[in-house]
Amino acid sequence: MRFFTDENVATSVVAALRRHGHDVKDIKEEKLQGTSDKEIIRRAYNEERIIITHDRDFGNVLSFSIRHHGVILLRFKNQRPEIVAKVLLDFLGSDIKHKLQNNVTIISEERITVHRADLALDGPNLGGGAYDERRN
């Protein structure tokens, strides 16, 4: 999968994603720290990448008519990179990873929630519903 990692995602998490075959562009490596969220969303959209971030503000793409290919919002109580990487990679290896595209997915130690985006710009309106799965 193709990802764009925000500046708040640890470099070891980026490395773990790459080791598992994912195409990752990292804001820190691209020297884009401090770039506005809208510009990051625009770049990710143009490159067909899903954004990975700890920044809650990216969840606002559901409220606005901003085109995106998906956002993974990491909401961990314990943000140690090895924990974040393990949970994220477990999710990306699961059967529900196909729900990432064009949606906002919130991942924590306890649960995964997928908020479907209003796709009125690109096709049928899905009504902004949500899919929720508890982790064991």
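Flag set for E82, criterion: exposed (fewer than 15 other Cβ atoms within 10 Å of the Cβ), outside any loop (DSSP other than H, G, I, E, B) and out of contact with any Phe, Trp or Tyr (no Cβ under 9 Å at 6 or more places or on another chain). Checked against the criterion of being under 13 Å from the mean Cα position of the chain (by Cα) and hydrophobic (A, V, I, L, M, F, W, C), region 26-36 has no qualifying residue. Within region 25-55, the set of residues being in contact with a helix residue (DSSP H, G or I) (Cβ under 8 Å, 6 or more places away or on another chain) and within 24 Å of K77 (Cα to Cα) comprises D26, I27, K28, D37, I50, I51, I52, D55.
Summed over region 63-82, residues that are modelled with pLDDT under 65 and touching a helix residue (DSSP H, G or I) at 6+ places or on another chain (Cβ under 6 Å) total 0.
So, G93, is that one of a type in the set (G, A, S) and modelled with pLDDT under 90 or not? Before you say what the answer is, go through the steps one by one.
Values: of a type in the set (G, A, S): yes; modelled with pLDDT under 90: no.
Considered against the rule, which asks whether it is of a type in the set (G, A, S) and modelled with pLDDT under 90, G93 comes out as no.
Looking only at residues of region 105-117 that are polar (S, T, N, Q) and in a strand (DSSP E or B), we find that the one that is farthest from H20 (Cα to Cα) is T113. Considering N60, N102, the condition of being assigned to a loop (DSSP other than H, G, I, E, B) and either of a type outside the set (K, R) or at pLDDT 80 or above (or both) is satisfied by N102 alone.
The values are calculated or read from the model by the stated rules, or taken from the named source; none is laboratory data. Please read these numbers as outputs of a predicted model, since none were measured by experiment. With ideal geometry, Cβ positions are generated from the backbone for all residues, glycine too; neighbour counts draw on all protein chains shown.
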